[in-house]
Amino acid sequence: AVWTSRSPVLGDFVRAGAWRADLSAGSSDAGLYTRARVALVGLLALDRRETVYFVADSDDEGRRLDGACSYIIEGAAPAARWWSITAYGADFFLIDNPARRYSVNAKSAQPDAGGRFRIAVSSRQQPAPYLAAPASGPFMLNLRLYNPSAALAQDPATLAAPSIRREGCP
């Protein structure tokens, strides 16, 4: 039952690049599997009019995210009042790291004048903005869009998704 609840193929998912969102998360219409998934790993999910949650466990080439590798997340600021990207370990908990880097948000991502940002993801400390990955093994990224634009809330698949590019891997 736990494996089934954690399955990324059960639910009302849409894709935007390497990212996927369960459209029923936070909804009273959510099915049994979505409710179980939120209870196990989400703790709380808001309705998609308030927040859209995207998850990525692979890079743009479809390779599983691995803490032994380094990545770059790049893109334009999503159409939302506020957004953040958080890294989680395979256990769905924050990744313990000495730099205490757990999340990058609309401000700490240091977007340029055009609203584009670049975030390093690595198990080795990097200049900011960066997210800590585990020393090895799988991990996932969660992109939260708080108060998304009406168009994006209506159709999350239209997200101009940030790219996830592998930069190096031993």
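Here are the numbers:
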| quantity | calculated |
| --- | --- |
| Placed amide H near Trp83: partners under 5 Å, 5+ positions off or other chain | Ala106, Tyr146 |
| Ranking by accessible area, most exposed first, for Tyr53, Tyr71 with a 1.4 Å probe | Tyr53, Tyr71 |
| Chymotrypsin sites (Phe, Trp or Tyr not before Pro) within segment 96-157, DSSP loop, no more than 16 other Cβ atoms inside 10 Å | Tyr102 |
| Accessible surface, per residue, of segment 49-170 when the full set of protein chains is kept, probe 1.4 Å, Å² | 49 Å² |
| Accessible surface of segment 51-170 [probe 1.4 Å, protein heavy atoms]: carbon and sulfur percent | 51 percent |
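The values are calculated or read from the model by the stated rules, or taken from the named source; none is laboratory data. Predicted, not measured: the structure shown is a model, and the values here were computed from it. We place every Cβ from the backbone using ideal geometry, glycine too, and count neighbours over all the protein chains shown. What goes into the accessible areas is simple: the full protein's heavy atoms, side chains included, and nothing from ligands, DNA or RNA. Shrake-Rupley method; radii C 1.70, N 1.55, O 1.52, S 1.80 Å.
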